[in-house]
Amino acid sequence: NEVNSHSWAADELNKYGFKATFYVVTGWTHDWSAYKQMAQKGHEIGSHTDSHSGNSSELSSSKSTIERQIGQPCLTIAYPNCNEISNTLNYYIGGRICGGQTNSKSPQNLARFDCQICGDQGINSQSQMTSRCSGANGGWMVFLIHGIQGRQANGSYSPTSADAFTGTLQWLNQNKSDYWVCTARDAIMYLKERDAASFKKIASDASSDTYSLTLNQSLTSNTLCKWDYPLSVRVPMQSGWSNMKVTQSDKELEFEEKNGYVYFKAIPGGGDIVV
């Protein structure tokens with residue numbers, strides 16, 4: 001039972017506040033309430049087509065079904081049998097293949113972002129998985145976890161060891177200052193916004209600095225999503241500042257002071273930022 005495996009994995013991820021993408025074949029999915037609950041906790045529900053086929057007509061129909069059932073945009077797809085479907089980027093911001101490579105910081109073709117298969121057809125131990133994480137070198141590592149051993153029907157393709165999965169999550173939590181565990185949707189939104197962003201100081205006086213954070217038109221003209229994922233920002237503190245506050249459009253933001261800098265997250269196009 002696929003949803004049992006997915007629900008168990010989501011519960012394990014939730015222990016650490018980690019988010020993941022769950023790809024579903026819409027024609028095989030009957031318990032949409034479980035997936036809606038996952039989405040409400042920040043996980044992504046992505047498409048694996050309607051019937052596990054490479055038919056390009058299912059790009060739109062599976063996307064529509066997921067959006068109707070979940071109530072959120074469906075923005076990425078995992079190709080059945082890992083074979084790219086043409087015209088994917090007309091409907092999704094990314095499509096996943098299975099070549100086993102680590103993705104670069106800025107992948108050139110997001111219709112073919114890559115992953116490592118886990119389980120008996122790939123890697124299936126905590127040490128192998130954490131080694132791939134530590135070797136990412138500033139890029140992003142995607143694991144294809146096709147179910148969990150003992151948590152789904154017998155005979156499912158390449159299920160991953162439960163110990164490998166939970167052990168890797170524990171390791172990532174212990175090293176969370178170095179890693180961001182997120183959905184494919186959020187990673188793609190972040191990297192495309194980061195690469196399209198313009199961040200400028202537009203005003204300054206003795207008590208504050210004002211900045212703008214905007215995106216170029218080449219990205220904002222893509223209307224598949226709102227492109228409003230918060231970006232991480234670091235700005236220098238003025239000498240002698242105290243009682244710090246950071247706002248965007250007069251709304252206070254959480255921030256951290258460290259080694260003469262202020263760190264916070266701000267939404268591109270969300271209005272002026274005042275530090």
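The values are calculated or read from the model by the stated rules, or taken from the named source; none is laboratory data. Predicted model, so just to flag it, every value in this text is computed and none were measured. A quick note on method: Cβ atoms are made from the backbone with ideal geometry, for glycine too, and the neighbour counts reach across all protein chains shown. Ligands, DNA and RNA are stripped out before the accessible areas are found, and what is left, the full protein with its side chains, is counted by its heavy atoms. Shrake-Rupley method; radii C 1.70, N 1.55, O 1.52, S 1.80 Å.
Considering only residues that are open to solvent by less than 20 Å² (accessible area, probe 1.4 Å) and in contact with a helix residue (DSSP H, G or I) (Cβ under 6 Å, 6 or more places away or on another chain), look in segment 21-34 and name the one that is farthest from Tyr92 (Cα to Cα).
Of everything passing the filter in segment 21-34, Ala34 is farthest from Tyr92 (Cα to Cα).
Does Thr247 qualify as being touching a residue at least 12 places away in the same chain (Cβ under 8 Å) and either in contact with a helix residue (DSSP H, G or I) (Cβ under 8 Å, 6 or more places away or on another chain) or open to solvent by 30 Å² or more (accessible area, probe 1.4 Å) (or both)?
Criteria not met by Thr247.
Mind listing whichever residues of segment 21-37 are out of contact with any Phe, Trp or Tyr (no Cβ under 9 Å at 6 or more places or on another chain) and either part of a strand (DSSP E or B) or of a type outside the set (Ser, Thr, Tyr) (or both)?
Selection gives Thr21, Tyr23, Val25, Gly27, Trp28, His30, Asp31, Trp32, Ala34, Lys36, Gln37.
Among the residues of segment 205-235, which ones are part of a strand (DSSP E or B) and open to solvent by 70 Å² or more (accessible area, probe 1.4 Å)?
Ser232, Arg234, listed by residue number.
Consider Ser53 carefully, then state whether it is more than 26 Å from Leu13 (Cβ to Cβ), in contact with a helix residue (DSSP H, G or I) (Cβ under 9 Å, 6 or more places away or on another chain), open to solvent by 20 Å² or more (accessible area, probe 1.4 Å) and assigned to a loop (DSSP other than H, G, I, E, B).
Spelling it out, Ser53 is indeed more than 26 Å from Leu13 (Cβ to Cβ), in contact with a helix residue (DSSP H, G or I) (Cβ under 9 Å, 6 or more places away or on another chain), open to solvent by 20 Å² or more (accessible area, probe 1.4 Å) and assigned to a loop (DSSP other than H, G, I, E, B).
Those residues that are within 18 Å of the chain's Cα centre (by Cα) and crowded, with 19+ Cβ neighbours inside 10 Å, I need them from segment 108-124; list them, please.
Leu110, Ala111, Phe113, Asp114, Cys115, Gln116, Ile117
Sort out which residues of segment 167-178 are under 17 Å from the mean Cα position of the chain (by Cα) and surrounded by 18 or more Cβ atoms within 10 Å (Cβ to Cβ), and write them in order of number.
Leu169, Leu172
For every residue, the table says whether it meets (1) within 15 Å of Cys82 (Cα to Cα); (2) acidic (Asp, Glu); (3) open to solvent by less than 20 Å² (accessible area, probe 1.4 Å); (4) in a helix (DSSP H, G or I).
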{"site": "Leu13", "(1), (2), (3), (4)": "no, no, yes, yes"}
{"site": "Phe18", "(1), (2), (3), (4)": "no, no, yes, no"}
{"site": "Ala39", "(1), (2), (3), (4)": "no, no, yes, yes"}
{"site": "Gly42", "(1), (2), (3), (4)": "no, no, no, no"}
{"site": "Leu59", "(1), (2), (3), (4)": "yes, no, yes, yes"}
{"site": "Ser62", "(1), (2), (3), (4)": "no, no, yes, yes"}
{"site": "Thr65", "(1), (2), (3), (4)": "no, no, no, yes"}
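In segment 67-116, how many are assigned to a loop (DSSP other than H, G, I, E, B) and touching a Cys at 6+ places or on another chain (Cβ under 7 Å)?
6
Which residue, of Asp178, Asp163, is farther than 30 Å from Lys63 by Cα and not in a helix (DSSP H, G or I)?
Testing whether each residue is farther than 30 Å from Lys63 by Cα and not in a helix (DSSP H, G or I) leaves just Asp178.
Report yes if Asn90 is touching a helix residue (DSSP H, G or I) at 6+ places or on another chain (Cβ under 8 Å) and surrounded by fewer than 15 Cβ atoms within 10 Å (Cβ to Cβ), otherwise no.
Against the criterion (touching a helix residue (DSSP H, G or I) at 6+ places or on another chain (Cβ under 8 Å) and surrounded by fewer than 15 Cβ atoms within 10 Å (Cβ to Cβ)), Asn90 qualifies.
Please specify each residue of segment 125-148 satisfying the condition of being touching a residue at least 24 places away in the same chain (Cβ under 8 Å) and open to solvent by 30 Å² or more (accessible area, probe 1.4 Å).
Of everything in segment 125-148, those that are touching a residue at least 24 places away in the same chain (Cβ under 8 Å) and open to solvent by 30 Å² or more (accessible area, probe 1.4 Å) turn out to be Ser125, Gln126, Gln128, Arg132, Gly135, Asn137, Gly138, Trp140, Met141, Phe143, Ile145, His146.
Determine, yes or no, whether Leu75 is in contact with a strand residue (DSSP E or B) (Cβ under 8 Å, 6 or more places away or on another chain) and free of Cβ contacts under 8 Å to residues at least 24 places away in the same chain.
no
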